[in-house]
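Each remark here refers to the structure printed beneath this line.
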Amino acid sequence: MVSVDVPGRLGLAALCLLFPAAAWANCEDVLPTHEASSTANRNLTAADLIQLREIGDPDSAVFNGPSPFAVSPDGSRIAYIINRADLATNSYCRALVISELTGVGPPDIVDRGGELIKIMDVQRGFYLPSGAARTIVPSWTPDGRRIAYLRRDHGVTQAWVAQADGGGAHAVTRSDVDVEAVAWSNDGTRLLYGTRKGAAAVREELDREGQSGWLYDRRVSPEISARPLTPATEALDVSAVDLRTGAVMPADAAEQSAVERAAPADMPVDPEAIGADGRKAHLERSNTSPLTPARLVVTNGDSSRRCDAEACAGGIVSLWWQGASVLILRREGWAKEAMALYRWRPGAARTTALLRTTDVLHGCVMAGTELVCAREDSSTPRKVVAIDTADGRMRTIFDPNPEFSGIRLGSVTRLRWRNDLGLEAWGDLVLPPGHKPGEKLPMVVVQYHSDGFLRGGTGDDYPIFLLAQRGIAVLSTERPNFFAAAFPQLKTWYEINAANQKDWGERRSLLSSVLTGVRMAVDRSDIDPARVGITGLSDGASTVAFALINSKAFAAAALSTCCMEPNTTATYGGIAWAKWLRGMGYPPATQDNPGFWRDMSLARNAARIDTPLLMQLADNEFRLALEAFGALHEQNKPVEMYVYPNEFHVKWQPIHRRAVYERNLDWFSFWLQGREDSDAAKIAQYRRWHTMRSGAQPSPEPVPVR
């Protein structure tokens, strides 16, 4: 059910009620209050990393998501959301802001408040919570006077409208279920919004079913919850609100399409661009394999022209029309470590290069003759920049984190290598600030992407520059292409996953890459090969498990997710997950297959694994780790597990992120450096770890009686 507020009838008092004083006070620093420093004169803290001001997807390795920027109809301004974690309240400060494209400096805030809006992944036909932040894209009215956007309060996402001049903002909908997308009618008088089709009815039906017991079937994923998952659908219930009267009416076909285009896609799609004359620039593949490099093609009715230049195939992130030419932004170079901007005029044999950089460019949108993008590099957090499409020159529009210019960071060196299959890979070797040549260092491997600012690896659990600040070198690795890329006949991602899985081919390829990078770091720097640690989340965690079983290269390890095991993976994953695994070649749970699990199961290899292992897991995933943890614990191995409440695949709560950072830092300092934090609150932690190191199983500590 949805009710509507009429914006024109809200007085000043009502607007004040929408912005509680406490919410404003907590988020006074959602915009920076200090200028950039010319000298780096202080150390980095965990709060510096956790409370970064974010624009767009925090994961710098995501290149196919929506842009956070919405360009005004006259092309002079951009609207976007700034997101900043607040450790004091374990929440987030969010603001809708507008930047003038003709100037430099902080943007204007037009709304402030709301909760983090998180992505719902689609897996095997059902929605799964991921914990990752969703990029919210504002929408301008045709006259540029108002902006619609999504804002979440009290656990429900609603459609909001803000005055672009800063005159106020308010919720338009009061939906019982999340609003997924907003758009405007052509004349700007009606706000269009969409909710997942039948979402309220599905929720109510599950509640009713629970009264007599939920049927355990493929809807249930036990590691998450006993409650059946919600079936995924791209269909939307779309309505239109007349903002002059408050009347709600069904959307017409054109309005339905407008909201559907604004809704986030469940799966990544290739970029395309439509010119003013109707010509379409899009990507085509020479065969049906999704790993085949896609090539730029321009179609006009029944005719088409293909770009045969090297820059027109593979790695293309975005396309735009500019007059009679197409602008191409692509990833290229060694394992796609660089980004480049090209211009191609349909029919020409060559492209014109405008820009090439190893910086990361995200969310680029066309604004007049410039591209507006988020830009970052390994040592510099994201900034808003404009790129001149005539010559590729860049200028900064807004630096949301100028404080970082005054922080000392370790040095970063890019290393490039091939694994034993000849696949290209690279990594960033980070040395401690002020490191003196000849001084031997321990090192930690952080996986599995190294694009952009080096925060904490994929999932952001392993703070790279904080590790370096403690005297531990870090190798932040970028994974090579898929092992299955050698098989162009594979037609679907399911077939690709199965090929990667066969004989653990993908795991062997990834481990070879990591070990090659470690050897290169040892050869080229002052790394002690006897004191190397390894970390990972998701696919990176699988590489850690495989490494602990199939190599002796690592002296300590930490996991953010765990594990693939013979007796529990299919059970706790549920019926749909088990069927999916069997289709990829995993044996049934009822069939003992030691040969299959020999190289992958921590539980089956617990007796011979001596590497100290720390697990810091989400409460909706930790059950998958119980078999491995139980076996290692039974074998008196140095293993410790923590479970974080109300967390998902990617941890989202600021206080949990700080705790994860701190414990990972302590863990590797203890095992690789023999160092301990003097904090009295950590006495019990170090007592347990000393007992692990001595080889004795710790006794359970008594629970105080209150």
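The calculated Kirkwood hydrodynamic radius for the chain is 27.2 Å, given to one decimal from all distinct C-alpha pairs.
In whole Å, how far is the Cα centre of region 439-488 from that of region 638-699? That distance is 20 Å.
Evaluating 6.51 cos²θ - 1.76 cosθ + 1.60 at θ = phi - 60° for every residue in region 607-616, the Karplus couplings come out as 5, 10, 9, 10, 5, x, 10, 10, 10, 10 Hz, glycine and proline recorded as x. Span-like helices, the chain: DSSP H, alpha-carbon axial extent 15 Å or more, mean Kyte-Doolittle 0.5 or greater, which ones? Membrane-span-like by this rule: 539-550. Kirkwood radius and radius of gyration were both taken over the C-alpha atoms of region 386-501, and their ratio Rg/Rh is 1.09.
Here the Karplus curve 6.51 cos²θ - 1.76 cosθ + 1.60, taken at θ = phi - 60°, turns the phi angles of region 220-237 into couplings of 9, 10, x, 5, 9, 5, 6, 6, x, 6, 8, x, 7, 8, 8, 5, 10, 8 Hz, with x standing for Gly and Pro.
Rg/Rh for region 56-169 stands at 0.98; both radii use Cα atoms, and Rh follows the Kirkwood definition. Computed about the Cα centre, the dipole magnitude for region 408-694 is approximately 320 debye when only Lys and Arg (+1) and Asp and Glu (-1) carry charge, each at its Cβ. Relative protection proxy for 222-228, 46-52, from highest mean packing down: 46-52, 222-228 (other beta-carbon atoms within 10 angstrom). Please work out the ratio of the alpha-carbon Rg of region 563-706 to 2.2 N^0.38 Å and round it to two decimals. The reported ratio for this selection is 1.20. Listed by chain and number, the lysines whose alpha-carbon sits under 21 Å from that of Lys651, ignoring those within fewer than 8 places in the same chain, are Lys118. Of Ser513, Ser378, the sequence from fewest to most neighbouring Cβ atoms within 10 angstrom is Ser378, Ser513.
When the charge dipole of the chain is built from unit charges on Cβ atoms (+1 for Lys and Arg, -1 for Asp and Glu) and taken about the Cα centre, the candidate among Trp671, Gly131, Ile575 whose Cα reaches farthest toward its positive end is Trp671. In region 408-694, the DSSP beta bridges split such that about 40 percent are antiparallel, to the nearest 5. Rounded, prolate or oblate: which fits region 367-439 when a ≥ b ≥ c are the square roots of the eigenvalues of the alpha-carbon gyration tensor, with rounded for a/c under 1.5 and prolate only if a/b beats b/c? Oblate shape, in that a/c is at least 1.5 and b/c is the bigger or equal ratio.
Legend: ranking of residues Asp377, Asp266 from fewest to most surrounding C-beta atoms inside 10 Å; resulting order Asp266, Asp377. Ellipticity at 222 nm from helices only: DSSP H runs of n ≥ 4 in the chain, each -39500 (n - 2.57), divided by the residue count, give -6000 deg cm²/dmol.
Computed extension length for Thr492-Asp242: 85.6 nm, one decimal, from 0.36 nm per residue of separation with the Cα-Cα distance subtracted. Scoring 105-111, 198-204, 569-575 by mean Cβ neighbours within 10 Å over their residues and listing the highest first yields 569-575, 105-111, 198-204. About the centre of its Cα atoms, region 428-565 shows a dipole size close to 260 debye [charges on the beta carbon of Lys, Arg (+1) and Asp, Glu (-1) only; nearest 20 debye]. Entry for region 235-296 at q = 0.12, 0.13, 0.18 Å⁻¹: log10 I(q)/I(0) = -0.53, -0.59, -0.86, Debye formula applied to identical alpha-carbon scatterers, no solvent contribution. Near Trp671, once Lys and Arg are set to +1 and Asp and Glu to -1 for all other residues with Cβ below 9 Å from its Cβ, the sum equals +2. Shape of region 623-683 from its Cα gyration tensor (a ≥ b ≥ c, root eigenvalues): rounded if a/c is under 1.5, otherwise prolate when a/b > b/c, or oblate? The shape class here is oblate.
Summing +1 for each Lys or Arg and -1 for each Asp or Glu among the other residues whose beta-carbon sits under 12 angstrom from that of Val650 gives -3. Taking amide H positions as modeled 1.01 Å from N, with prolines and chain starts lacking one, the residues under 5 Å from Asp153 and 5 or more places away or on another chain are Glu115, Gln158. Straight-line reach from Lys579: which lysines have a Cα under 21 Å away, not including same-chain ones fewer than 8 places off? Straight-line reach from Lys579, under 21 Å: Lys491, Lys502.
For the pair region 71-122 / region 270-286, the C-alpha centres are spaced 30 Å from each other.
Partner lysines whose Cα lies under 17 Å from the Cα of Lys552, excluding those fewer than 8 positions away in the same chain, are identified as Lys637.
The convex hull built on the alpha-carbon positions of region 94-237 has an orientation-averaged projected area of 10.6 nm².
Over the C-alpha atoms of region 408-694, the Rg to Rh ratio, Rh being the Kirkwood estimate, stands at 0.96. Summed over all non-identical Cα pairs, the Kirkwood treatment of region 162-308 gives a radius of 19.4 Å. Ranking Gly540, Asn593, Ser60 by Cα position along the charge dipole of the chain, where only Lys, Arg, Asp and Glu carry charges on their C-beta atoms, puts Asn593 farthest toward the positive end.
Within the chain, antiparallel bridges make up roughly 85 percent of the DSSP beta bridges whose residues both belong there.
About its Cα centre, the chain has a charge dipole of approximately 1220 debye under the convention of +1 per Lys or Arg Cβ and -1 per Asp or Glu Cβ, with nothing else charged.
Per-residue 3J(HN,Hα) values for region 161-170, derived from phi via the Karplus relation 6.51 cos²θ - 1.76 cosθ + 1.60 with θ = phi - 60°, read 10, 10, 6, 5, 8, x, x, x, 8, 7 Hz in sequence order (x marks Gly and Pro).
A short reminder: the numbers here are calculations on the coordinates, not readings from a lab. All of these numbers come straight from a predicted model, not from anything done at the bench. Glycine also receives a Cβ, built like all others from the backbone with ideal geometry; neighbour counts cover every protein chain displayed.
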